[in-house]
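Student: Before I ask anything, here is the structure I am working with.
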């Protein structure tokens, strides 16, 4: 699609400029990344130590992925990954549990996953621990099915610094 907005300036020699913007539509909500993770961050109240929080990882690519932990602060949280390869279009659960012996009032941490794809795409999931309001703790509820929730939930996407390989 092409659009041509006009820009009006205060320059007496060039009062009006025409800019042409061209874009190409993509059928998938993001065809450049292999996975979507819902929710995109974890919030754990201290009183929920030992209780697993569920995230959903969905393979949105056309190739299988094999997510693996690159880094996790294992002295603070346990991260349980799905076993094996996730086929294109499938989804699985990831569980994050605050260790029972964690005793700080609050902390911000994260864990990093690799999709083990040809670009070694990585995702870093932030975790906030501490006294959290009831409203914030509901942010941990993943969609019943990421297919139905993809329009009202923001999936986690890799950032440029987290993506290895490629251009």
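Since every read-out is calculated from the coordinates, none of them should be taken as a lab result. All values reported here derive from a predicted model rather than from experimental measurement. Methodologically, a virtual Cβ is constructed for each residue, glycine included, from the backbone with ideal geometry; neighbour enumeration extends over all protein chains shown.
Student: Could you compute the FRET efficiency for residue 100 and residue 131, with r as their C-beta to C-beta distance and R0 at 25 Å, rounded to 0.05?
Tutor: Details: r = 17 Å, r/R0 = 0.69.
E between residue 100 and residue 131, to the nearest 0.05, is 0.90.
Student: Right, here's the next one. Quick one: give the max-minus-min coordinate of the C-alpha atoms of segment 47-138 along each principal axis, largest first, in Å.
Tutor: Principal extents (Cα only, largest first): 42, 24, 18 Å.
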